[in-house]
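**Student:** For reference, the structure I am asking about is given below.
Just so it is clear, none of the values below were taken in a lab; they were calculated from the coordinates. Because the structure is a prediction, the values reported are computed rather than measured. Counting neighbours? That spans all protein chains shown, and the Cβs are built from the backbone with ideal geometry, glycine included.
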Amino acid sequence: MNERKRQVLLTAQRLFIDKGFSATSVQDILEGSKISKGTFYNYFTSKNECLVAILEYVNEETFVRRRELLIGENKADKHVLANQIAVRMQVNREENLFMLFEAIFHSGDQELRDFVKRNHLKELFWLSDRLIDVYGEKASPYALDGAALLLGMMQQIFHIWAAASNSLGEMNTLVLFVLRRMDSIIPDLISSQDNLLNEDVGLSLKRNLNSKQYSRDQIIEQLTGFTEKLSDEANVDGKQCIHFLMEELNTENPRIYLIETVTRAFTKAFTGTPDELEAREIASKLWSYVDSVNNG
């Protein structure tokens, strides 16, 4: 994503929050971002697609932060999982998205509702996989139920936390409180062999998802285009990361643990620069590739 497009998204996001999604017109976005109608429709086919792009950016940011938290850590550590769960709420607060979700819920727009529903399912399956990491493979048949129960508890306790003017403590404290409840719930589900969201339900839900997978060739192509845009004297550390990543991705058996480490360094090297947005987009694709290899 280029910087100009990102600025249009920021303007649209501000307007959606200030005026409401339904009350904001494409013309409002054009005037606020000082672009022509042709430029807007070059980026987005509709106002809906503009909102979806904002939410996709947030998903990407959440994904990158969560993956970075796992580097060098034990997947079974509940504190790591708590930090990862808290990321979603932190990013939503940073981007002021709670009002947008509320607007979508009341909009009656089926396209947007379906998008939010798919997001919720992705979160459910991500959390289900992480609960298996924490509680072991024996929890696998019950992980989807556990994830649904955990998300439900988190939603309710977050509302109470917000109403109490954040006086209940830090977000991670609340997440850990809920996770401790899972120490009783998951073993009970296992011992009673009681599950509602069984494998058939899980497969049915997964058919509603359209998770993107990125090949090595696609990532190498974007890294090549990215490095060609950089000036010769710009960001030496970032260029070194790109060079290493491209070399490693071009090998027959890329060393995944090194790609993980260098991807974090690559993201850090471009943070605060005009190229940060595209760097984080590439990092998201790298993490997706890493996960596909690890899960393959």
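**Student:** Given labels modelled 7 Å from the Cα in the Cβ direction, how far is it in nm from residue 49 to residue 23?
**Tutor:** Each label point lies 7 Å from its Cα, and together they span 2.7 nm.
**Student:** Roughly speaking, what is the stretch gain from residue 222 to residue 109, that is 0.36 nm per residue apart minus the C-alpha to C-alpha distance, in nm to one decimal?
**Tutor:** Stretched out fully, the residue 222 to residue 109 stretch lengthens by 37.3 nm.
**Student:** Additional query: Using only the C-alpha atoms of the range 4-137, find the volume of their convex hull and express it per residue in Å³.
**Tutor:** Enclosed volume per residue, from the Cα hull, is 114 Å³.
**Student:** Can you compute the equivalent ellipsoid semi-axes for the range 216-295, i.e. the square root of 5 times each eigenvalue of the Cα gyration tensor, sorted largest first and rounded to whole Å?
**Tutor:** The answer is 20, 13, 11 Å, longest axis first.
**Student:** Could you size up the charge dipole of the range 216-295 around its Cα centre, putting +1 on the beta carbon of Lys and Arg and -1 on that of Asp and Glu, and report it in debye to the nearest 20?
**Tutor:** It comes to approximately 240 debye.
**Student:** Additional query: Cβ neighbours within 10 Å, averaged per peptide: list 217-229, 19-31, 283-295 in order, most packed at the top.
**Tutor:** By packing density, highest mean first, the sequence is 283-295, 19-31, 217-229.
**Student:** Cα centroids of the range 233-296 and the range 1-65: how far apart, whole angstrom?
**Tutor:** The range 233-296 and the range 1-65 have Cα centres separated by 27 Å.
**Student:** So for the pair residue 204, residue 181, with labels modelled 7 Å out along Cα→Cβ, what separation do we get in nm?
**Tutor:** 2.6 nm
**Student:** Rounded, prolate or oblate: which fits the range 115-210, taking a ≥ b ≥ c as square roots of the Cα gyration tensor eigenvalues, rounded meaning a/c under 1.5, else prolate when a/b beats b/c?
**Tutor:** Cα axes put the range 115-210 in the oblate bin.
**Student:** If each DSSP helix of 4+ residues adds -39,500 (n - 2.57) and the sum is divided by the residues in the chain, what number results at 222 nm, nearest 500 deg cm²/dmol?
**Tutor:** -25000 deg cm²/dmol
**Student:** Students often forget the sequence filter, so: which lysines lie under 25 Å Cα-Cα from residue 75 once same-chain residues fewer than 8 apart are removed?
**Tutor:** Straight-distance partners of residue 75: 122, 138, 206, 212, 268, 285.
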